[in-house]
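What follows is a set of notes on a single structure, which appears directly below.
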Amino acid sequence: MLFSQIIGHEDIKKKLIQSVKDNRVAHAQLFLGPEGTGKLALAIAYAQYINCTDKKENDSCGVCPSCKKYNSLAHPDLHFLFPTTTTKSVKKDQESELFMTEWRDYLIASKTYVDLHSWYSFLDVENKQGMINVRDASSIIRKLNLKTYEAEYKVAIIWMAEKFNIQTANKLLKLLEEPPEKTVFILISENQEELLTTVRSRTVLVKIPKLSVDEVQNALIREFQCDITKAYNTALLANGNWIQARNIISDDENNDNIYFRLFQKWMRYCFRFSASELIDFIANDIKPLVREKQKEFLAYGLNVFHNALLYNNGLKDSILLPEEEKNFLINFAPFISNNNIDLIIELFEESINQIERNGNASLIFLDDSFKIFNYFKMK
Ligand SMILES: [Zn+2]
């Protein structure tokens, strides 16, 4: 993976490259940022640069023996840990090592822009929640204590470090604090809150922000040859998330922005407070979605409420939405005010948590619907 293959983040690339040139690569770093920003791609490009034997001014050479092995993600001194779960082929004692073939195939298929939902669907375990297990910690300790095969630095990339369970974290803490010589840990996380404080405090933070509309738009034009308007509208919808942008473009169904249609429908039924319509809606439109999609849908709703608040506070210009969604927002915004916004946000955040914890989606959405009806009356 070359830095030049990664969308945006020019400043971060420069800083990472400079840290190598100055010989001050921190041994434990945390790449923290939202989904779809290219954190893993940056981590791999950084690791490749660290070990490239013919470093160029702004990138790895791409052709030295080390780069060649990095290009196929098969360098013996590059290690990955990531969440796993039991599957049809691994029925127990799952750990990253048992999934390396799938992982490499997945990285290649997704061009290293990865997210939990698509990783689980790649493994065909969409409704399970993976973990980084204590077995993973044991095997990385074993590997890192071996001599480096051929690279200058051993690199361990831990994807979604918030999926450590407590035993894994405890086992890895000492290693993060006093790593074996010439070892670099790059932890990747999307959620600082879920990350254990003890892990966070032992790493140097590298914040990876959302991509800009321009960056996503240009990348869409380059990769999918779509026209400027379509690229622009898609970039707006994707909200700085390249994975989402790519999904919207490649999935015709999503071109109609399924969440927008669902949300419109749901709010209409909430206004009317029609129990039968709400029950049908939940059974036919919500229940069939996998849990990750239900969460995404609620997150989409949160975004609409947020935009409504901006709109009500005269910040119309900072709302970037396609025409149709903007029109909906103008009609919808009067129902949101300082009297109900906190309650609504709390409700949606709690619902996302409950779904994450395996809550019954039908009950959660039904309960939300009644509460929303009441909150609207408080405007
Ligand atoms: Zn090279």
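Computed from the coordinates by the stated procedures, all read-outs in this text should not be read as laboratory data. Bear in mind the structure is a predicted one, so any value in this text is a computation, not a measurement. Methodologically, a virtual Cβ is constructed for each residue, glycine included, from the backbone with ideal geometry; neighbour enumeration extends over all protein chains shown.
For the chain, DSSP calls about 5 percent of its internal beta bridges antiparallel. In a fully extended conformation the segment linking residue 323 and residue 108 would gain 73.8 nm over its present Cα-Cα distance, using 0.36 nm per residue. Annotation: extensible slack from residue 197 through residue 142 equals 17.3 nm (criterion: 0.36 nm per residue apart, minus Cα-Cα distance).
If one computes P(r) from the Cα atoms of the range 8-63, what percent of pairs lie at distances over 12 Å?
When every Cα pair of the range 8-63 is considered, 67 percent fall beyond 12 Å.
Taken over the Cα atoms of the range 77-164, the convex hull encloses 102 Å³ per residue. Here the range 257-377 is assigned +1 on the Cβ of each Lys and Arg and -1 on the Cβ of each Asp and Glu. Its dipole about the Cα centre then comes out at about 220 debye. Modelled spin-label separation between residue 89 and residue 68, with each label point placed 7 Å from Cα along the Cα-to-Cβ direction: 2.7 nm. What fraction of the Cα pairs in the range 213-255, stated in percent, has a spacing above 16 angstrom? Everything past 16 Å amounts to 16 percent.
Applying 1/(1 + (r/R0)^6) with r as the Cβ-Cβ distance of residue 299 and residue 97 and R0 = 41 angstrom yields a FRET efficiency of 0.80.
In percent, rounded to a whole number, the relative contact order of the chain is 17, using alpha-carbon pairs under 8 Å and six or more apart. Taking a point 7 Å out from the Cα of residue 177 in the direction of its Cβ, none of the residues of the range 62-96 has a backbone N less than 11 Å from it.
Per residue, the chain reaches -16000 deg cm²/dmol at 222 nm when only DSSP H runs of four or more residues are counted, each adding -39500 (n - 2.57).
Roughly how big is the range 3-207's charge dipole about its Cα centre, with Cβ charges of +1 (Lys, Arg) and -1 (Asp, Glu), in debye to the nearest 20?
About 400 debye.
Pairs with C-alpha atoms separated by more than 30 Å, drawn from the list 21/111; 56/210; 163/230, are 163/230. Given q = 0.08 Å⁻¹, what are the Debye log10 I(q)/I(0) values for the range 3-207, with equal point scatterers placed on the Cα positions and solvent ignored? Ignoring solvent entirely, the Cα scatterers give -0.24.
Share of pairwise Cα-Cα distances greater than 41 Å in the chain is 19 percent (whole percent).
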